[in-house]
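Data block below; observations after.
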Amino acid sequence: MGWRGILGFEYGIVQAPLGADISGPELVAAVANAGGLGFLRAPDWESPDYLKELIRKTRILTKKPFGVGVVLAFPHEKNIQAILDEKVAVLQVYWGECSEELVLKAHQSGVKIVPQVGSLEEAKKAIHAGVDAIIVQGREAGGHVIGQDALISLLPKVVDLVGDRDIPLIAAGGIVDARGYVAALALGAQGICLGTRFLATEESHAHPAYKRKVVEYDATEYTDVFGRARWPDAPHRVLHTPFFNDCKYIPADQNEAGQPVIGCAIIHDREIEIRHLAGTVPNATTTGDIESMVMYAGQSVGLIKEILPAGEVVKRLVEGAQLLIKNKFSDIL
């Protein structure tokens with residue numbers, strides 16, 4: 001069953017790499033210590049020495065393996081080299097081509113490589129490239145969403161495509177509890193990847209107001225109004241806050257460039273000014289008009305009722321799924 005683990009990890013539970021730096025060493029180590037696969041998020045700019053330091057900080061907090069996520073839409077070659085030099089367990093890549101060359105390079109360093117895909121076409125390419133596992137993302141997911149299909153229709157197609165190859169599939173998009181975990185297993189996944197649920201944890205580096213809103217709000221919307229200048233053609237799912245309501249009909253030719261500065265933050269190793277309509281979520285260091293900043297969240301946000309320790313999230317997912325299968329489904333057979 002799924003809780004027997006994937007890629008050598010105790011459990012098939014993956015904490016998504018949360019940008020820009022929401023999944024830092026504390027969160028990743030807490031997930032790793034609980035038996036899951038946690039992902040740091042590499043900066044969206046080349047900063048290999050800083051990234052090595054981030055990996056080392058995480059290793060002080062856990063002796064267990066973990067991964068780093070890289071968005072290929074931004075400069076990344078030196079960062080990937082740093083990840084491979086540090087021999088991190090898993091490199092996760094997104095929003096760009098997971099080429100055979102990159103897979104070979106990772107494997108030569110003893111690093112497993114896992115792309116996140118949002119379509120059957122991307123999954124085909126990933127299989128051909130020789131990846132170690134695939135994260136299949138449905139349109140329900142929070143943050144930047146690469147595909148158009150819902151998880152319930154996309155995942156079984158990818159399962160059929162993989163066939164009997166030894167490529168574990170990890171379901172992502174709208175999964176927050178044991179019910180979602182069991183549903184993903186039923187669709188053919190071996191593991192699940194959660195973003196929003198792990199954002200609302202004690203160890204996440206999100207701003208406290210952001211975490212509170214994830215608990216408080218229950219609606220999201222798929223849009224493209226934030227961060228158009230920095231990351232064009234990258235639709236995203238956001239919390240439906242009063243602020244979002246005010247700006248969701250912004251004309252297509254408008255973006256954050258030239259907008260007023262509404263706050264600032266230290267993100268990774270940089271001090272960043274946050275402009276109105278920027279795609280930057282508030283982290284724990286952010287000051288300014290927090291209410292008017294983008295807040296990404298997945299469609300099942302309404303099922304998140306409290307901020308928990310990350311280890312407790314993992315424990316509840318595993319125990320809840322085991323219980324559900326034992327109590328709900330064993331007597332059907």
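The values are calculated or read from the model by the stated rules, or taken from the named source; none is laboratory data. Nothing here was measured: the structure is a model prediction, and the numbers come from that model. Using ideal geometry, Cβ is built from the backbone for each residue, glycine included, and neighbour counts are taken over all protein chains shown. Remember, those area values only see protein heavy atoms, side chains included, never the ligands or the DNA or RNA. Shrake-Rupley method; radii C 1.70, N 1.55, O 1.52, S 1.80 Å.
The table for this structure:
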{"quantity": "Share of carbon and sulfur in the accessible heavy-atom surface of the chain [1.4 Å probe, %]", "calculated": "51 percent"}
{"quantity": "Using alpha carbons only: equivalent-ellipsoid semi-axes of the stretch 121-197, gyration tensor based, whole Å", "calculated": "19, 14, 11"}
{"quantity": "Under the Karplus curve 6.51 cos²θ - 1.76 cosθ + 1.60, θ = phi - 60°, whole-Hz ³J(HN,Hα) for the stretch 169-184, x wherever Gly or Pro sits", "calculated": "10, 10, 8, 9, x, x, 9, 10, 9, 4, 5, x, 4, 5, 4, 5"}
{"quantity": "All Cα pairs of the stretch 283-324, percent lying beyond 17 Å", "calculated": "57 percent"}
{"quantity": "Tail fraction, Cα-Cα pairs, the stretch 208-301, threshold 20 Å, whole percent", "calculated": "32 percent"}
{"quantity": "Extension reserve of the ILE250-ALA150 stretch, reckoned as 0.36 nm per residue once the Cα distance is removed", "calculated": "33.4 nm"}
{"quantity": "Too-long pairs where the Cα-Cα distance tops 26 Å, listed order kept, from LYS125/LYS326; LYS64/LYS157; LYS64/LYS326; LYS57/LYS78", "calculated": "LYS125/LYS326; LYS64/LYS157; LYS64/LYS326"}
{"quantity": "Trypsin sites (Lys or Arg not before Pro) lying in DSSP loop within the stretch 263-333, provided at most 13 other Cβ fall within 10 Å", "calculated": "LYS305"}
{"quantity": "In the stretch 49-153, trypsin sites (Lys or Arg not before Pro) in a DSSP loop with at most 13 other beta-carbon atoms within 10 Å", "calculated": "LYS63, LYS87"}
{"quantity": "Chymotrypsin sites (Phe, Trp or Tyr not before Pro) restricted to DSSP loop in the stretch 239-285 with at most 12 other C-beta within 10 Å", "calculated": "TYR249"}
{"quantity": "The stretch 219-237-the stretch 192-206 distance, computed between alpha-carbon centres (Å)", "calculated": "20 Å"}
{"quantity": "Estimated vicinal HN-Hα couplings, Hz - the stretch 217-234 in sequence order (Karplus 6.51, -1.76, 1.60; Gly, Pro = x)", "calculated": "8, 10, 10, 10, 9, 8, 8, 9, 7, 9, x, 5, 6, 6, 9, x, 6, 10"}
{"quantity": "Diffusion coefficient, µm² s⁻¹, Stokes-Einstein with Kirkwood Rh over alpha-carbon pairs of the chain at 4 °C and 1.567 mPa s", "calculated": "65 µm²/s"}
{"quantity": "Reachable lysines, given that their alpha-carbon falls under 21 Å from the alpha-carbon of LYS63 and they are not under 8 places away in the same chain", "calculated": "LYS52, LYS87, LYS112, LYS315"}
{"quantity": "Environment charge of LEU91, counting only residues whose C-beta is closer than 13 Å and scoring Lys/Arg +1, Asp/Glu -1", "calculated": "0"}
{"quantity": "Distance (nanometres) between label positions extended 7 Å along Cα→Cβ at SER99 and LYS305", "calculated": "5.0 nm"}
